[in-house]
1. Can you name every residue in segment 277-298 that is crowded, with 22+ Cβ neighbours inside 10 Å and part of a helix (DSSP H, G or I)?
2. Checking Ala245 against (1) within 12 Å of Val162 (Cβ to Cβ); (2) buried (at least 24 other Cβ atoms within 10 Å of the Cβ): exactly one of these is not met. Which one?
3. Has segment 174-193 got any residue that is within 13 Å of the ligand (Cβ to nearest atom) and of a type outside the set (Gly, Ala, Ser)?
4. In segment 403-412, what residues are open to solvent by 20 Å² or more (accessible area, probe 1.4 Å) and under 19 Å from Val551 (Cβ atoms)?
5. Please name all residue pairs, on different chains or six or more residues apart, with Cβ atoms under 6 Å, provided the first residue is in segment 307-334 and is away from the ligand (no atom under 16 Å from the Cβ) and the second residue is open to solvent by 10 Å² or more (accessible area, probe 1.4 Å) and assigned to a strand (DSSP E or B).
6. Look through Phe719, Phe759, Phe704 and report the one residue that is touching a helix residue (DSSP H, G or I) at 6+ places or on another chain (Cβ under 8 Å) and aromatic (Phe, Trp, Tyr).
7. Cβ-Cβ below 8 Å, separation at least six or inter-chain, first residue in segment 547-569 and farther than 15 Å from Val605 by Cβ and open to solvent by 10 Å² or more (accessible area, probe 1.4 Å), second among the basic types (Lys, Arg) and at pLDDT 95 or above: which pairs?
8. May I ask you to list the residues in segment 522-539 that are in a loop (DSSP other than H, G, I, E, B) and either under 20 Å from Asp571 (Cβ atoms) or touching a Lys or Arg at 6+ places or on another chain (Cβ under 9 Å) (or both)?
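The values are calculated or read from the model by the stated rules, or taken from the named source; none is laboratory data. Not measured: the values here are computed from a predicted model. All Cβ positions, glycine included, derive from the backbone under ideal geometry; neighbour counts span all protein chains shown. Just the protein is used for accessible areas: all its heavy atoms, side chains included, with ligands, DNA and RNA removed. Shrake-Rupley method; radii C 1.70, N 1.55, O 1.52, S 1.80 Å.
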Amino acid sequence: MSERPRPADSQGKAAATTADDVRARAEALLRQMSPAEKAGQLTQYFYFRLADDATDESALGVDREAQPRAVEEALARGGVGSLLFETDPVHINRLQRLTVEGNRLGIPALFGFDVIHGLRTVFPVPIAMAASWDLDTIEQGQAVAAREARAVGIHWAFAPMVDIARDPRWGRIIEGAGEDPFLGAAVAAAQVRGFQGGDYGQQDRIIAGPKHFAGYGAALGGRDYDEVNLSDHELWNVIFPPFKAAVDAGAGNVMTAYMDLNGVPAGASRWLFTEVLRETWGFEGFVVSDANVVRSLVTHGLAADAPDAAARALSAGVDMEMAIEDAAYAHLPEALEASAVDEQTLDTSVRRILEAKLRLGLFDHPYVDEDRAREVLADPGHREVARVAAERAAVLLRNEGDLLPLDAARLTSLAVIGPLADSPRDTLGPWVFDYDLDETVTVVDGIRRKVGDRVRVDHARGVGVVQRLFPSIFDMHGGNRPEDPQGFDEDTEFRRAVDLAAGADVAVVVAGEWQSMIGEQASRSSLELPGRQLELLQAVVATGTPTVLLVMNGRPLDLRWAAGNVPAILDIWYPGTQGGVAVANLLFGDVSPGGKLPFTWPRTVGQVPMIYSHTRSHEPQNQGRRYWDEASTPLFPFGHGLSYSRFTYSELVVDQASVTPEGDVTVSVRVTNAGDREAMDVVQLYLHQRYGTASRPVRELKGFERVTLAAGASRQVVFPLGPEHRRYWSATTRDWVLDETVFDVWVGGDSTADLSAHFEQRRQKSS
Ligand code: BGC
């Protein structure tokens, strides 16, 4: 990047600075800095101000008085370059003042935070946003999040999480875009654009930090933090593409992963952070470790002690250490003295941090306007973007007999059943901290608002909550741990729920996982509906009342019984602040669902990991019969999602029968809304290479477009297939290849699309 747009100050006003100014000012500062000051700039600390509703002090594993005190002391002596976890503009200003006034050179701190799916306005969880396949909505969502974050003084989001996740036992599947590298890359880039705009120095923008480089989603057994073993071909073809896309979109930061990757802790991998990220992809931003990753090099059995860990991480290319306390990077001056790191490496990392701060305009305007922050957080326009996102994210899994949409005019009563139906905290999902529960619209609220007094809406939770086996740091906020109301008796409540359903015209059951069951440190050994929810669903269906199942989840669940017995199933994910409004709009047909699954939905946990893009391998005719006791096909395929209308595809045309490796092919298809109402669909293109230097997947997504069509309307959708869509990293040549071969193309509404064509790829085009 050469000349950059004008950076903004922390209040969002533009300040005039060019790339040359930034470089010159950073250089001038660097020349004045001592090794200890440099190490300070490379150190980021958590700041745990006591949350009012914090209940579990032990889960944090730190002394909650001593930790913030130590951080403040370090700030005031220039020993910290960045802080994370503070979101209150008043405290951010206070801490920034300590920093700026404390260090001799007046270098401000960078404030980072997990702005994962919104700050005050909470969007659907990331996997849900990916299920919208709607890149504009995804970008807008993160732009709103960036605006709110910047207003309170946060300069940097630890997002997007772009880890490909193919094992739904892993709780962090919820934070990513699912199993597919092509969708994952598109969603990653859209999020980076949303956070940063054209440049994070602009007004209302923040630095994006794609994470966790690399391979975190492939933890053994889906167990969070367990080791990962991935072949090179899987890394290059599957795991890396979303990171590469985020880097190409200009991401200012990248975060390391925690675990061992192929026998080396990711946080000490020079191959990842220097050879791949910088030398191969040209990444120009700065790298941060995940929390305590540098110290953990000792725990992993790689480094001898903290100074050794610091030297190894910095030399690998990890510019900044994120630490809870006692940063290993505080030992960098000794490491320098002992020649374990060289000065040039240290300076390069410091320069990157200083440049990021200068680019953000922090030196000129370190503080935020607290009144403006309050206004921005309350912006009703932000809630609108969140509502649309929740509508677009929902996936209609099944709709037998067109039970949905419901016709409010023909209903007199509705029973809304389930423990998640009226739980604001669960409606928001995990990885949010700055939410407003009072303004969060639950499914029950949303339905009541929609039908007013015309329809009687009764609600019963039906079942009690399920508690986790082992405590986690993520339980630290009181609201994160679900509780039964006082005097709750599950049997009585269960009967009440079933009676309500029996007496209603329609039953809406909201089932899934409490939000604390998914996310970091929330892997599961089962995909079953927790607690007595399945029993409750079965009892409701047995009443004979037509039943709609709304699934609140961030991973596929074992819905084998529901998929055969519940007529309508709508996946609403954790839909966020405006979730209930969106769900009511979907239930009553104001909008038609148009989301599609970003993962293969297995029947049972025993099938995982299960992906649509497997290779043909041996006996492909038996692909669906690999198990003795269960079909080895998915319950719902990747890309699946119905609407209230019906779409057909025709006129599939590949514009050339033969293409050279460097050439472009264009594929077009006509998509028609064959139903009687406006609806949305995601047209998907899949590619398969028949033969070459390696076996290629039976299908791979290589194009998609979300379209809205009026009843009876049709449109031609065009997909480019350039060399970048056809190349792959071959384990035979150990490089990217474009083989001479034949490609099959399929286009349709999910990964089982059957409308197909083919073309060949030849060095010499056949005539
Ligand atoms: C997570 C990161 C997160 C960091 C800061 C870590 O435990 O792995 O994704 O950004 O904490 O909250």
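1. Leu277, Val293, Val294, Arg295, Ser296, Leu297
2. The single condition Ala245 does not satisfy is (2).
3. Applying the first criterion (within 13 Å of the ligand (Cβ to nearest atom)) to segment 174-193 yields 174-176.
Now narrow it down to the ones that are of a type outside the set (Gly, Ala, Ser): 174-175.
The answer is yes; a qualifying residue exists.
4. Leu403, Pro405 - these are the residues of segment 403-412 that are open to solvent by 20 Å² or more (accessible area, probe 1.4 Å) and under 19 Å from Val551 (Cβ atoms).
5. Pairs found: none.
6. Details: Phe719 fails: touching a helix residue (DSSP H, G or I) at 6+ places or on another chain (Cβ under 8 Å); Phe759 fails: touching a helix residue (DSSP H, G or I) at 6+ places or on another chain (Cβ under 8 Å).
On inspection, the qualifying residue turns out to be Phe704.
7. Ala563/Arg398; Pro567/Arg398
8. Initially, segment 522-539 is screened for residues in a loop (DSSP other than H, G, I, E, B), giving 522-532.
Ala522, Ser523, Arg524, Ser525, Ser526, Leu527, Glu528, Leu529, Pro530, Gly531 - these are the residues of segment 522-539 that are in a loop (DSSP other than H, G, I, E, B) and either under 20 Å from Asp571 (Cβ atoms) or touching a Lys or Arg at 6+ places or on another chain (Cβ under 9 Å) (or both).
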